[in-house]
Amino acid sequence: MDSTLDKAYSPQTTEDEIYALWEKNGYFSPNDKKGSKPFSVLLPPPNANADLHVGHAMYVVEDIMIRYHRMLGDNTLWLPGADHAGFETQFVYEKHLAKMGKSRFDFDRETLYKDIWNFVHENRGTMENQLRKLGFSLDWSRNIFTLNPKIIATVYTSFKKLFDEGLIYRDNRLVNYCTKDGTGFSDLEVLYIERNDPLYYMKYGPFTIATARPETKFRDTALAVNPKDKRYKEYIGKTLEIMGLLGPISMTVIPDPEVDPSFGTGIMKVTPAHDSHDFELGKKFNLPVTPIIDFHGRMDFSWFLSQKNIEPKYRERAEKYHGKKIAIVRPLMVEDLKTDGLLIKIDEAYTHRIGTCWKCGTVIEPLPLEQWYIKVSPLAKKATDAINKKQVAFVPKRFEKTAKQWLSNFHDWNISRQNVWGIRIPAWKCQTCLNQISNIKNKKSDHWIITDGAIPTECPECHGKNLVQDTDTFDTWFSSGQWPFAALRASGTNDYSKFYPTSVMETGYDILPWWVCRMLMLGIHMTGKVPFKTVYLHGLVRDSKGQKMSKSKGNVVNPLKMIDQFGADALRFALVFGTAAGNDLALSEDKIRGMRNFANKLWNIGRFLLLSLDNAKMKNEEIPFYTETLHSALTNDADKRLISEINMLTSSVTKDMEKYRFSDAAKKLYEFSWHRIADRYIEENKTRFGEGDSEALSVFRHVFLTILKLLHPFMPFVTEALWQRIPRLTTHPLILSSWPVRRPTTMSRKLLSSSGRS
RNA sequence: GGACUUGUAGCUCAGUUGGUUAGAGCGUUGCAUUGACAUUGCAAAGGUCAGAGGUUCGAAUCCUCUCAGGUCCACCA
């Protein structure tokens with residue numbers, strides 16, 4: 001035992017060594033002791049091939065819970081995972097391709113998939129090591145990738161079950177399509193932004209209409225007015241001949257109570273192929289769906305140009321527009337409208353909210369496309385019921401309301417993505433049947449063969465062998481929504497039966513609708529049980545001024561840099577200290593430095609304790625371990641008071657841990673260690689320590705070891721480093737030590753031995 | 001239009017079911033210090049808890065309204 005500690009604590013020379021000790025000895029794995037209660041948390045899988053950002057460091061809350069429960073003697077599992085992150089990873093890979101002057105369309109599907117797979121695996125590992133740097137006591141022996149074959153198998157099984165139950169269906173409707181990324185998205189992935197766009201007023205037969213999207217007017221199929229609008233009442237049901245840029249078109253006026261008479265001129269053009277409201281309206285009035293914009297965001301006039309006997313003027317125009325991007329066509333159209341005397345005015349001050357791609361910012365085009373949808377409401381109802389029945393608790397409580405609100409507002413969920421990197425949808429179409437069907441009028445063409453992953457050999461209807469698989473992959477949230485049961489079925493033999501439902505789901509509140517609600521819906525439906533009993537939501541990490549971190553602002557805090565500079569314990573403590581669950585927190589270097597100072601303060605309390613113990617040893621003083629006998633024989637009032645205070649602190653911190661009040665616990669421990677023990681108890685009793693007073697030293701050591709235990713979930717490294725150096729009764733490392741109980745009475749000793757650890 | 005949320009010290013934030021003189025970190029000021037720690041200690045300054053009203057023996061905390069921020073959803077032709 002080397003009791004001469006360095007003057008200052010050096011996390012850099014301590015942390016890696018301690019982490020290696022824990023990991024090497026398998027301390028992160030469940031104890032699997034008979035009778036021990038299960039406690040399980042699934043780490044929200046970070047992107048496999050990206051670096052961690054400081055938001056990930058908030059998962060420290062999970063490590064705190066895990067370490068606490070491990071010390072309670074629970075059968076504790078914290079399961080790590082790595083996310084293939086479907087579209088996001090493909091997006092990164094496409095950027096990488098672009099740098100080499102290539103695009104994903106230069107490769108066939110299999111090659112592209114393989115290349116991305118290799119790309120991900122070449123970049124893999126950094127994220128995992130960063131989690132280690134943070135001190136996270138994850139059971140790495142169970143680490144699982146979201147494209148693990150067992151995970152995929154579970155996802156396929158779910159898809160088939162949902163399909164068989166009629167909860168998954170195929171439909172052709174307008175999808176939120178990003179023409180740059182070449183894929184559709186669910187409603188949640190559309191990012192609405194406030195934007196200024198010109199509002200064009202144009203002559204439309206006897207009317208004037210206002211539109212922000214003049215390019216779609218070529219394929220308007222009707223005009224809609226509010227049935228209560230006296231100005232247009234007489235026109236309802238009438239078909240009018242209207243002069244457009246490509247000649248006359250006939251259009252019927254239909255009633256729509258949702259038309260706002262005060263907007264523009266109170267008359268709305270209807271374009272079912274490019275507006276979801278119009279699409280629904282079109283269904284009601286049996287209007288054709290006639291697209292003018294293609295999946296690359298270009299104008300498509302082939303329907304017009306293929307007609308015979310087109311006037312040369314109109315042909316010229318259509319050819320001019322054809323194949324060009326919308327932004328290019330708009331000004332051309334404005335010119336032509338002017339020429340024809342159809343443009344009335346342009347309101348340049350018009351602002352509206354417009355959907356954009358959350359990833360690349362391109363304006364989302366609603367385009368008609370066949371996709372797989374999940375019928376959400378039956379699943380959402382089950383989730384809401386579970387919340388109402390208190391089968392799931394939210395921390396903080398207010399998110400219960402948010403979750404329920406989301407669950408009641410979800411539309412059917414488009415789970416098809418036109419990506420390669422992901423889990424390919426196990427749906428096949430028989431080409432033979434398809435050809436036959438297309439010859440029979442009115443027969444539904446959605447004749448799909450769905451399997452639980454096995455490649456079908458022949459069509460069950462016609463026994464044809466010409467089966468073609470859907471080229472789409474699942475929305476990654478469809479598979480992540482199944483993570484709790486999918487992961488536990490894949491991670492270890494009995495993990496699912498032992499650890500499902502998991503104890504706590506801990507993640508950022510920003511993915512409540514994307515992930516938490518989906519896990520609830522799919523988890524309950526697929527397993528009959530809630531996937532987690534408690535949802536703890538943390539806030540966003542912001543900069544020292546409360547501003548959102550972003551690369552462009554240059555205010556991004558790099559967690560690894562902070563760890564190098566101040567130690568993981570300091571960063572961890574800074575993230576929980578003075579932070580309420582569910583609230584955003586401002587993180588500054590000053591705060592982390594302050595917490596580094598606290599780690600150093602602990603170090604020096606330990607250093608002083610060791611020096612005093614050495615000093616006593618030289619005087620041949622025997623320092624007894626703190627026991628019940630010693631406790632009842634205490635004579636010094638200062639010692640008695642301190643013992644009673646550490647007991648009170650223990651209960652109070654334990655209560656905080658149970659109630660997920662980690663900030664309170666951290667604050668109490670900080671306050672007690674620094675200002676009670678270091679500033680007062682040590683200072684007031686220095687002479688006694690100098691004299692080698694065995695009672696004082698015994699009490700001091702006991703109290704300090706207790707503090708190390710209580711602090712261990714928060715600052716695992718410095719506490720373990722000190723624990724290893726201080727003479728104590730047991731040989732266990734701190735990570736496996738038992739959580740302190742009020743004091744060493746007979747009763748609590750029983751508890752200690754029954755937990756199997758001391 | 002709907003939901004949620006914030007306003008507490010110079011800055012960033014805690015503050016449980018209402019309960020003494022309202023707390024912390026950082027910052028500021030003064031002093032101290034060669035044996036645990038300058039990554040330190042002691043002391044100090046600094047707050048009408050956004051405002052108004054109400055409930056209560058008692059309100060930062062509960063209720064109503066006002067003002068000022070933030071986030072999300074719906075609608076926007």
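The values are calculated or read from the model by the stated rules, or taken from the named source; none is laboratory data. What you see is a predicted model, and the numbers here were worked out from it, not measured in a lab. We place every Cβ from the backbone using ideal geometry, glycine too, and count neighbours over all the protein chains shown. What goes into the accessible areas is simple: the full protein's heavy atoms, side chains included, and nothing from ligands, DNA or RNA. Shrake-Rupley method; radii C 1.70, N 1.55, O 1.52, S 1.80 Å.
Dipole orientation for chain A: of the candidates A:Thr208, A:Pro366, A:His69, A:His69 has the Cα lying most toward the positive pole (charges on Cβ; Lys, Arg +1; Asp, Glu -1).
Taking Cα centre as origin and charging only the Cβ of basic (Lys, Arg, +1) and acidic (Asp, Glu, -1) residues, the dipole magnitude of region A:587-740 rounds to 420 debye. Around the Cα centre of region A:43-145, unit charges on the Cβ atoms of Lys, Arg, Asp and Glu (plus for the first two, minus for the last two) sum to a dipole of about 180 debye.
For the pair A:Ala327 and A:Lys114, the difference between a 0.36 nm per residue extended length and the Cα-Cα distance amounts to 73.1 nm. Taking θ as phi - 60° and the Karplus parameters 6.51, -1.76 and 1.60, the scalar couplings of region A:525-539 work out to 5, 7, 10, x, 10, 5, x, 7, 8, 9, 10, 10, 10, 9, x Hz in sequence order, x denoting glycine and proline. The accessible surface of chain A, taken with every protein chain in place and a 1.4 Å probe, is 52 percent carbon and sulfur. With the gyration tensor restricted to C-alpha atoms of region A:225-308, the semi-axes of the equivalent ellipsoid amount to 25, 16, 12 Å, longest first.
With just the Cα atoms defining each centre, how far is region A:542-598 from region A:300-363? Give it in Å. A separation of 50 Å, based on Cα centres. Within the shell of other residues whose beta carbon sits under 12 angstrom from the beta carbon of A:Phe285, the net charge comes to -1, with Lys and Arg scored +1 and Asp and Glu -1. For region A:570-704, the C-alpha radius of gyration divided by 2.2 N^0.38 Å, with N the number of residues, is 1.20.
Expressed per residue, the C-alpha convex hull volume of region A:670-717 stands at 69 Å³. For chain A, the solvent-accessible area with a 1.4 angstrom probe is 44 square angstrom per residue. Label sites at A:Asn123 and A:Ile193, each approximated as a point 7 angstrom past Cα along Cα to Cβ, lie 2.3 nm apart. The GluC sites (Glu not before Pro) of region A:608-646 that meet both conditions, a loop assignment by DSSP and at most 12 other Cβ atoms within 10 Å of the site Cβ, are A:Glu622.
Can you compute the helix-only [θ] at 222 nm over chain A? Use -39500 (n - 2.57) per DSSP H run of at least 4 residues, normalise by all residues, nearest 500 deg cm²/dmol. It lands at -12500 deg cm²/dmol.
The overall shape of region A:84-162 is oblate: from the C-alpha gyration tensor, with semi-axes ordered a ≥ b ≥ c, the ratio a/c is 1.5 or greater and a/b is no larger than b/c. Entry note, chain A: relative contact order of 17 percent, from Cα contacts under 8 Å with a spacing of 6+ residues. For chain A, a/c is not less than 1.5, where a ≥ b ≥ c are the root eigenvalues of the C-alpha gyration tensor, and a/b tops b/c. That puts it in the prolate class.
For A:Lys659, the accessible area of its heavy atoms, probed at 1.4 Å with every protein chain present, is near 130 square angstrom. Rounded to the nearest whole Hz, the Karplus-based 3J(HN,Hα) values (6.51 cos²θ - 1.76 cosθ + 1.60, θ = phi - 60°) of region A:344-355 follow the sequence 8, 6, 10, 8, 7, 8, 6, 10, 8, 8, 10, x, with x at glycine and proline.
When the square roots of the Cα gyration tensor eigenvalues are ordered a ≥ b ≥ c, the ratio a/c for region A:305-437 is 1.5 or more and a/b does not exceed b/c, which makes its shape oblate.
If you sort A:Trp514, A:Trp448, A:Trp603 by accessible surface, 1.4 Å probe, largest first, the order is A:Trp514, A:Trp448, A:Trp603.
Residues whose amide H falls under 5 Å from that of A:Ala222, counting only those 5 or more places apart or on a different chain, are A:Val270, with hydrogens built in the peptide plane.
Estimated translational diffusion coefficient (Stokes-Einstein, Kirkwood radius over Cα pairs, 37 °C, 0.692 mPa s) of region A:1-53: 214 µm² per second.
Relative contact order of region A:101-224, taken over Cα pairs closer than 8 Å and 6 or more residues apart, is 8 percent. Residues whose amide H lies under 5 Å from that of A:Ser738, counting only those 5 or more places away or on a different chain, are A:Ser758; hydrogens are built 1.01 Å from N in the peptide plane.
Overall, chain A carries a charge dipole of about 1080 debye about its Cα centre when +1 sits on the Cβ of Lys and Arg and -1 on the Cβ of Asp and Glu, all other atoms neutral.
Annotation for region A:170-232: trypsin sites (Lys or Arg not before Pro) lying in DSSP loop with at most 11 further Cβ atoms inside 10 Å of their Cβ are A:Lys228, A:Lys230.
The listed residues A:Thr271, A:Thr13, once ranked by accessible area (1.4 Å probe) with the largest placed first, stand as A:Thr13, A:Thr271. Of the residues A:Thr527, A:Thr473, A:Trp448, the one whose Cα sits farthest towards the positive end of the charge dipole of region A:373-531 is A:Thr527 (charges of +1 on Lys and Arg Cβ, -1 on Asp and Glu Cβ, taken about the Cα centre).
Taking all protein chains as they are arranged and a probe of 1.4 Å, the heavy atoms of A:Glu319 leave approximately 100 Å² accessible to solvent.
A dipole drawn for chain A from +1 and -1 charges on Cβ atoms has a positive end, and of A:Pro484, A:Leu642, A:Ile425 the residue lying farthest that way is A:Leu642. Karplus-based coupling profile of region A:282-296, in residue order and whole Hz: x, 4, 4, 9, 6, 8, x, 9, 10, x, 10, 10, 9, 6, 9, with θ = phi - 60° in 6.51 cos²θ - 1.76 cosθ + 1.60 and x standing for Gly or Pro. Taking a straight Cα-Cα cut-off under 26 Å and skipping sequence neighbours fewer than 8 places away in the same chain, the lysines within cross-link reach of A:Lys203 are A:Lys217, A:Lys228, A:Lys230, A:Lys233, A:Lys238, A:Lys269, A:Lys313, A:Lys320, A:Lys324, A:Lys325, A:Lys338, A:Lys345. Residues whose amide H lies under 5 Å from that of A:Ile364, counting only those 5 or more places away or on a different chain, are A:Gly355, A:Thr356, A:Cys357; hydrogens are built 1.01 Å from N in the peptide plane. Lysine pair count for region A:416-545 with Cα-Cα distance under 27 Å and sequence separation of 8 or more or different chains is 9. Centre-to-centre, using Cα atoms only, region A:638-674 and region A:1-60 are separated by 23 Å.
A straight line joining the Cα centroids of region A:134-194 and region A:400-436 runs 8 Å. Placing A:Lys404, A:Lys114, A:Lys429 in order of accessible area, with the largest value first and a 1.4 Å probe, yields A:Lys114, A:Lys404, A:Lys429.
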